[in-house]
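The values are calculated or read from the model by the stated rules, or taken from the named source; none is laboratory data. Everything numeric here is computed off the predicted structure, so don't read it as measured data. Ideal geometry is used to build each Cβ from the backbone, glycine not excepted, and the neighbour counts take in all protein chains shown. For the accessible areas, the whole protein counts, side chains as well, though only heavy atoms, and no ligand, DNA or RNA atoms are used. Shrake-Rupley method; radii C 1.70, N 1.55, O 1.52, S 1.80 Å.
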Amino acid sequence: MKHYLGVDIGTFETKGVIVTASGEIVAQAARPHRMQVPQPGWAEHDAEQDWWGDFVFVTRKMLADSGIAPASIAGIGASGIGPCMLPVDLAGNPLMNAVLYGVDTRAAREIEELTQQIGEDTILERCGNALTSQAVGPKILWLKRNRPEIFASTHKILNSSSFLVHRLTGRYTIDHYSAGNFSPFYVVDRQEWSDELAPGIMSMDMLPELMWATDVAGHVTAKAAAETGLAEGTPVIAGTIDAAAEAVSVGVLNSGDLMLMYGSTIFTILITDARVRDGRLWYAPWLFPGQHGSMAGLSTSGTLTHWFRENFARELQPETAVIKLTKEAEASPPGAKDLVLLPYFSGERTPIHDTKAKGILFGLDLTHNRGDMFRAVLEGIAHGTRHVFETYAEAGQAPQTVYAVGGGTKNRVWSEATSDISGLTQVLRQKTIGASYGDAFLAALALGDVNPVDIDRWNPVASSITPHGDLKTMYDRQHAVFRGLYPATKPFL
């Protein structure tokens, strides 16, 4: 019997899964790690320990626990947080910690300078994205300026999935969807690397070879087999960023399909037939030729619930604190007694792209309690999500079907508030494992063992969350307050 291995490197945890050709899960494993914040605005991972070390751990654990013969694994797919920037030497060894995605804002100066030099309109037209903290290019320039000795020793700049693929196969590759975040070095209409917008910063041969996510990048080497327990010669696909793999896992396939991922941050991917040109959103070619992805993301979501727990619920056991807080929030009425929260606790990504934006809890009085405030946190994230949906609509691409995934779907207050505030129904699949399951499906797809529509068989629809129409007027009024708070604070930032 054929099996497929999927491993995903998340912000705080690595997850792995082994499945059969029919989508049956036969093994799972996970390993936590931490995001390092050496100073405000920075966010890093130790790639050797957190990426490759985790991959080896979960793979060996799944093989040992399941008893599956390594030779029965027909294909391997890996994904990871992105976009990231990891410089490696000639042997592929990390030269420093990996600089993470948009939550790392160290390259604000470089973003501003490159935008001025190239021009906002030119960047948007040629790269598909405005330069923001999500872009890898400014972080490469930051590296060159601030760590010149590391830059001089750099052979390649990798992201998380390309680092894993290199460790497994010895090849340096990256998929087009991930490459779309390397602005201004990826030209979207030609789908190739180019330094024509920012010459003199780096040689383009420092970037990995471009592939589609389901292209076979290589095969497991003898060295990687010895470390992981996998069979030498096993095919490894190019893989992709975690959010894209997660979208695949819940059946985001067609134009108008949107994945809403509840996690440490909210992240959305909308599939479109044509490229969306809007600087408030991110763009990249989708995983397959001829399709396009329009993305958005909030800076703080699940991380905000952790912050609240650590500061306002210290007496609760960490393992059950969010469950307890959610019960308290359930006792608060929808609207949290007129509290409105701006979730900009780490600045904000889409659609305002302001690293200096601040969080606000507005409307407090002496009648409010902890449950009201926690409900306001969850509803504030939901208002931020509605703002993203409104931005899609303004760009002419209103979502048609919303597929929800991630830990937040298990939080009834949060997930129901998202539908009530946005007015959109959310579809939930039976399996909510996430990106690692999508990685396994992509590996099976690459080998021709499944078709795209087979995801409906692998992961059928389980339920949906529909809006409560009687709350619309109240939430519309609150959303108007939400949209007005940020402009009112800008003179003070």
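Tell me what the chain gives for mean residue ellipticity at 222 nm when only DSSP H runs of n ≥ 4 count, each as -39,500 (n - 2.57), the sum divided by the residue total, rounded to 500 deg cm²/dmol. Could the numbers behind the result be given before it?
Working: 16 runs with 168 residues, N = 493.
Mean residue ellipticity at 222 nm (helix-derived): -10000 deg cm²/dmol.
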Formal net charge of residues neighbouring F163 (Cβ-Cβ distance under 11 Å; K, R +1; D, E -1): 0
At 1.4 Å probe size, what's the solvent-accessible area of D456? Round to the nearest 10 Å². 80
Solvent-accessible area, 1.4 Å probe, carbon plus sulfur percent, for the chain: 52
Percent of Cα-Cα pairs more than 19 Å apart in segment 178-228, please. 43
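For segment 227-377, what is the charge dipole size about the Cα centre, in debye to the nearest 20, if Lys and Arg each add +1 at the Cβ and Asp and Glu each add -1 at the Cβ? Walk me through the intermediate numbers first.
Working: 13 positive and 17 negative charges, 95 e Å.
Computed about the Cα centre, the dipole is about 460 debye.
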Say each of E310 and I352 gets a label point 7 Å from the Cα, pointing the same way as Cα to Cβ; how far apart are those two points in nm? 2.3
Projecting the Cα atoms of L131, Q117, P148 onto the charge dipole of segment 107-163, where Lys and Arg contribute +1 and Asp and Glu -1 at Cβ, the residue farthest towards the positive end is P148
Given +1 on the Cβ of Lys and Arg, -1 on the Cβ of Asp and Glu, and no further charges, what dipole in debye does segment 437-493 carry about its Cα centre, rounded to the nearest 20? 520
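Could you give the size of the charge dipole of the chain about its Cα centre, using +1 on the Cβ of each K and R and -1 on the Cβ of each D and E, expressed in debye and rounded to the nearest 20?
Values: 41 positive and 54 negative charges, 157 e Å.
It works out to roughly 760 debye.
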List the lysines whose Cα lies under 29 Å from the Cα of K324, skipping any in the same chain that are fewer than 8 positions away. K15, K337, K358, K410, K431, K472
Gyration tensor (alpha-carbon) shape descriptor, segment 143-234, a/c threshold 1.5: oblate
Ignoring ligands, DNA and RNA, what accessible area per residue does the chain give at 1.4 Å, in Å²? 37
Cα lying deepest toward the dipole's positive end in the chain, options G408, S422, L316, charges on Cβ: L316
